[in-house]
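Accompanying notes for the structure given below.
Each reported figure results from applying straightforward, stated rules to the coordinates on display, with no laboratory input. It should be emphasised that the depicted structure is a prediction, and the values quoted were computed from it without experimental measurement. Quick reminder, even Gly has a Cβ in these numbers, built from the backbone with ideal geometry, and neighbours come from all protein chains shown.
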Amino acid sequence: MLNLNTSLRAHMATLKARVASLMCKRTPDALSGLTTIEPNQPMRIVCPSNVVVTCVSGIAWITAAKETRDVVLEPGQRHVAARKARLFINGMPRCVLRFELEAKP
């Protein structure tokens, strides 16, 4: 029984490490220029203020916490995420995005 528990713990630790490596948490103000999201490497963002996400190439699938609909961006399209929004962004299969803080009127 000891070997089975040890084996299960090692397997769970490996799975947790894989999941953590797939999830990259960034803040938009730390992003500079263009950001590429590779296949199977989604990105999580917590917006410090209103953030404009513009798709430069590829297709971006954006899921926002507490929202009922997802947003799919194609090149040239943009999405404004509210302050403190939690975004989960996945490239389909790969996308290049530009993040900018929304200008205040």
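Take the alpha carbon gyration tensor of region 23-101, find the square roots of its eigenvalues, order them as a ≥ b ≥ c, and report rounded if a/c is under 1.5; if not, report prolate when a/b exceeds b/c, else oblate. Rounded shape, in that the Cα axes give a/c under 1.5. Restriction of the trypsin sites (Lys or Arg not before Pro) in region 37-105 to DSSP coil positions whose beta-carbon has at most 14 other beta-carbons within 10 angstrom yields Lys66, Arg69, Arg83, Lys84.
The amide H of Ser57, built 1.01 Å from its N in the peptide plane, has Val96 as neighbours under 5 Å, considering only residues 5 or more places off or on other chains.
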